[in-house]
Every structure is written in structure tokens, then in C-alpha cells.
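The values are calculated or read from the model by the stated rules, or taken from the named source; none is laboratory data. Since this is a predicted model, take the numbers as computed values, not measurements. So basically every Cβ, Gly included, is an ideal-geometry build from the backbone, and we count neighbours across all protein chains shown. The accessibility values were calculated without ligands, DNA or RNA, using every heavy atom of the protein model including side chains. Shrake-Rupley method; radii C 1.70, N 1.55, O 1.52, S 1.80 Å.
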Amino acid sequence: MSLMKLKTENLNVVLNNKLVLENINLSIPTKKVTAFIGPSGCGKTTLLKSFNRINELNSECITTGKIYFNSANIYQKNYKLESLRRKIGMVVQNPHPFPMSIYENIVFGLRANNIKNKRVLDDSVEYTLRKTFLWEEVKHKLQSSAILLSSGQKQRLIIARAIANSPEVLLLDEPTSSLDPISTLKIEELIDELKTEYTILIVTHNMHQAARISDFTALIYNGNVVEYDLTDNLFTNPKNKLTEAYLTGRYG
Ligand SMILES: Nc1ncnc2c1ncn2[C@@H]1O[C@H](COP(=O)(O)OP(=O)(O)OP(=O)(O)O)[C@@H](O)[C@H]1O
């Protein structure tokens, strides 16, 4: 378990009376990139959102089973959700920074935690912007509105904002689907850099992207894990006929 950051055990998710995820058993290794691929509607995003219990914001969601995070079951009663969501940050498809300055976007979570020391806030802004390769691009305009950044810069800012909360895990839900090829490449390089410090789970529609950036891949189909393996194995030597059919474009 020590090399595993997250582990699901018989995870089922029902949304509005529909069984969306069925008996998911996955171990997610620490400081690796794990990709979830599969056809539209198969349950990838729901699976991603189960790792920080965001699904529960939908009152019609019923989750059963367990997810261990650092060996504690996050679905146990009284698990502290606020700390869970700080430690497991999430970045979604369309980058929407808060309508405030670049600086304030990044320190938002710190301020919410009552951190007021200017030096600490400044350091966090510089550290996270350097980490996301944005510092040189924005250091002269930290007080400008984040809304004015390009889409690719906004997505890196949102990753910087997640990192400012000192997470252990980053959940990325199709983080490049609205970006141009150059911005996509920058995010992919960033993910490669970030995995030295964080455990990364990514949902992507783009199989080439999964093959390029992930260490492990799970193919989800109809709410089930069809195959989960090292990305190289899954793409070059799939064990399941369904995986082979999906990878060769015969369905999905
Ligand atoms: N709030 C909801 N109520 C009922 N069903 C839902 C709800 N949200 C999602 N679903 C259904 O759950 C299934 C899985 O959705 P999910 O968004 O997890 O799939 P996905 O694989 O991420 O899809 P995509 O690749 O299109 O984003 C779909 O059939 C979807 O229609």
C-alpha cells in the first residue's frame, strides 16, 4: 500500500438511480500519471470525481465501497472533506479563473485558510507560477485580471492555484480539450514535470495523449474497468479483446 496513493475497493456509484460505476477495484501508484480512457459516457469523469467526493455535491448520488487515500477510507463517516479536497485538487476541462487578479487567484485557497503573511503569499505565487512555467510570462502583471490570460495560460494558472494548496494528488479532467496544440504540449510537459511531486490522475479522450504522458492506463467501458495496466503494455499488448477493439477504433 505504501507505493499506492489511492485504492478503490468495490466502488459503485449510482447517479439519479443509474448505476454509473460498477465494482471498481483500482490501485493508483504514488507520483505516477494514471490515465482513464474510454468512450463518451462510460464513467471516466464520475470515477475521477469519486476520489475527492465531489460527486456528492449531486444529492442524487449514492456511492458504496471504499477508497483508501494514504490508507484511510475517505468514505468513512466523519472523514474531513475540506482537507480531502485540499489534498486532492481538481482541474476541469474549461479553464475559468476567478474574476480577480492572477495573484489573488493563486492565493485564494491560502487566504481561505486564514494565511495572511504577505511573504508566505508572495512566495507561494512565485513558487507555483514557476512550477507551471508561467512566471516569466506573467511576473510583470500579477495584479492584472486573470480573465485576460490566454486559454493555455488560464489552464496553467488553475493548475498553479491547485498546487498552492499543497496537494498530494491532482485530478485532471480533460485539461487540454479546449486548448490549441502548442498550449496542449505545454500542459503535457507540465504534467511530466509535476509527477515528480504529485500523483496525477487524468481523464482524456485523446488516446495519443494517454500514450504520451501516462505511466498507467485504465480503459473504462460502461462503468467497468475493462483493463488496467502499464500504459506501454495496454497500448502495445492489450489482453482484453475489448481494449484491442477500442484502441484500433472498432468501437467507441
Ligand atoms: N447527474 C447525473 N445524473 C444522472 N446521470 C448522470 C449524471 N452525470 C452523469 N451521468 C451519466 O453517467 C454516465 C457517466 O458520465 P461521465 O460524465 O462520468 O462519463 P464520461 O466517460 O466522463 O463521459 P465524457 O467522456 O462524455 O465526458 C453517463 O451515462 C452520464 O449520462
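Somewhere in the range 156-172, is a residue within 16 Å of the ligand (Cβ to nearest atom), in contact (Cβ under 8 Å) with a residue 12 or more places away in the chain and not polar (S, T, N, Q)?
Yes.
For the range 84-103, indicate whether the set of residues that are within 16 Å of the ligand (Cβ to nearest atom) and outside any loop (DSSP other than H, G, I, E, B) is non-empty.
Yes, the range 84-103 has at least one match.
Give the residue that is farthest from Thr199 (Cα to Cα), with candidates limited to residues of the range 19-78 that are among the β-branched types (Val, Ile, Thr), within 10 Å of the ligand (Cβ to nearest atom) and not in a helix (DSSP H, G or I).
Val20
If you go through the range 191-202 one residue at a time, do you hit one that is more than 16 Å from the ligand (Cβ to nearest atom), surrounded by fewer than 19 Cβ atoms within 10 Å (Cβ to Cβ) and farther than 19 Å from Thr30 by Cβ?
no
In the range 111-134, which residues are in a helix (DSSP H, G or I) and surrounded by 13 or more Cβ atoms within 10 Å (Cβ to Cβ)?
If the condition is that a residue be in a helix (DSSP H, G or I) and surrounded by 13 or more Cβ atoms within 10 Å (Cβ to Cβ), then Leu121, Asp122, Ser124, Val125, Glu126, Tyr127, Thr128, Leu129, Arg130, Lys131 are the ones that fit.
Criterion first (in contact with a strand residue (DSSP E or B) (Cβ under 7 Å, 6 or more places away or on another chain), in a strand (DSSP E or B) and within 20 Å of Pro97 (Cα to Cα)) does Leu170 satisfy it?
Spelling it out, Leu170 is indeed in contact with a strand residue (DSSP E or B) (Cβ under 7 Å, 6 or more places away or on another chain), in a strand (DSSP E or B) and within 20 Å of Pro97 (Cα to Cα).
Is there any pair with a first residue in the range 60-77 that is free of Cβ contacts under 8 Å to residues at least 24 places away in the same chain and among the β-branched types (Val, Ile, Thr) and a second that is within 16 Å of the ligand (Cβ to nearest atom) and not in a strand (DSSP E or B) whose Cβ atoms are under 7 Å apart and which are 6 or more apart or on different chains, and what are they?
Ile74/Arg53
Before we move on, is Lys186 over 13 Å from the mean Cα position of the chain (by Cα) and surrounded by fewer than 21 Cβ atoms within 10 Å (Cβ to Cβ)?
The answer is yes for Lys186.
For the range 1-18, what are the residues that are open to solvent by 20 Å² or more (accessible area, probe 1.4 Å), touching a residue at least 12 places away in the same chain (Cβ under 8 Å) and assigned to a strand (DSSP E or B)?
Correct list: Met4, Lys5, Lys7, Glu9, Asn10, Asn12, Val14, Leu15.
Looking at (1) closer than 30 Å to Gly65 by Cβ; (2) out of contact with any Pro (no Cβ under 6 Å at 6 or more places or on another chain); (3) open to solvent by 40 Å² or more (accessible area, probe 1.4 Å), which is the only condition Glu137 fails?
The failed condition is (1).
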